[in-house]
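Here the structure comes first, spelled out in structure tokens, and everything after it is commentary.
The values are calculated or read from the model by the stated rules, or taken from the named source; none is laboratory data. Model, not experiment: these values are computed from the prediction. Heads up, the Cβs are rebuilt from the backbone with ideal geometry, glycines too, and the neighbour counts pull from every protein chain shown. With ligands, DNA and RNA removed, areas are computed over all heavy atoms of the protein, side chains included. Shrake-Rupley method; radii C 1.70, N 1.55, O 1.52, S 1.80 Å.
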Amino acid sequence: MSRILIVEDEKRIARFLELELQHEGYEVLLAEDGRSGLDKILQDRPDLVILDLMLPEMSGIEVCRRARRETDVPIIMLTAKDDVSDKVMGLDIGADDYMTKPFAIEELLARIRVGLKKHRADGVGAAHEGVLRAGGLELDPVSYEVSYQGKAINLTKKEFDLLHYLMAHAGEAVTREQLLKDVWEYGFAGDTNVVDVYIRYLRQKLDVPHHLHSIHTIRSVGYMFRMDADRDEGKDAQENG
Ligand code: CA
């Protein structure tokens with residue numbers, strides 16, 4: 001039986017979610033503020049977390065940030081606002097998905113199923129997967145570490161997933177839609193700007209400081225990972241707009 005932790009200070013919503021999830025056969029844990037939510041994530045090791053953004057004691061963003069140092073448990077954030085910057089911020093600090101309030105319970109249940117399934121699939125896949133290497137860059141899918149010439153590069157989980165995907169498809173042009181589907185899985189139908197935002201983050205952490213040209217823009221297609229010996233100064237950044 002999967003255990004789901006609900007971190008939500010609005011009792012009415014927490015109770016509603018608890019009943020719905022129990023009805024679906026999940027074991028439910030509850031926390032009413034950010035601090036006890038973080039404690040429960042770390043101590044009770046739930047299989048999935050539903051995390052409200054606006055919480056007393058500690059914000060959902062901070063809970064997520066701290067939880068991510070210790071665990072890759074799937075986190076679905078509940079946000080009050082529906083704007084891209086909120087979504088990007090939540091996902092950037094390591095949430096796997098978000099729902100905007102008010103939400104349809106069926107949609108949340110569907111996302112919970114996907115989150116649990118993906119997490120299990122990741123666990124199985126990671127154990128069989130080796131370290132990816134390209135021109136001094138190393139990515140370890142088991143320990144979630146990335147380094148260039150032995151020096152660690154700190155990536156958020158989503159940036160890591162994106163780089164992982166690109167490296168696994170090195171030399172192939174991948175479309176933004178493909179990245180949305182395979183890296184984000186759901187929730188961003190048509191909103192390919194998110195991909196461009198994350199490509200920019202990756203370039204800022206990977207290419208710019210190390211003078212590399214590894215993530216190429218393929219005009220009117222998408223992106224391609226390929227370690228080039230000579231950096232094509234600035235060209236890609238301009239294409240990316
Ligand atoms: Ca709240």
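Numbers below:
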{"item": "Cα-centre dipole for the chain with unit charges at Cβ (Lys and Arg positive, Asp and Glu negative), debye to 20", "result": "260 debye"}
{"item": "Long-range Cα-Cα pairs in the chain (distance over 25 Å), rounded percent", "result": "44 percent"}
{"item": "Part-to-part distance (alpha-carbon centres) for segment 28-79 and segment 137-210, which is given in Å", "result": "24 Å"}
{"item": "The chain, relative contact order [Cα under 8 Å, separation at least 6], %", "result": "11 percent"}
{"item": "Rg ratio (alpha-carbon, reference 2.2 N^0.38 Å) - segment 1-104", "result": "0.97"}
{"item": "Protein accessible area in the chain, 1.4 Å probe - carbon and sulfur %", "result": "49 percent"}
{"item": "Å² per residue, accessible surface of segment 3-126 at 1.4 Å", "result": "47 Å²"}
{"item": "Segment 144-229, Cα convex hull volume normalised per residue, Å³", "result": "92 Å³"}
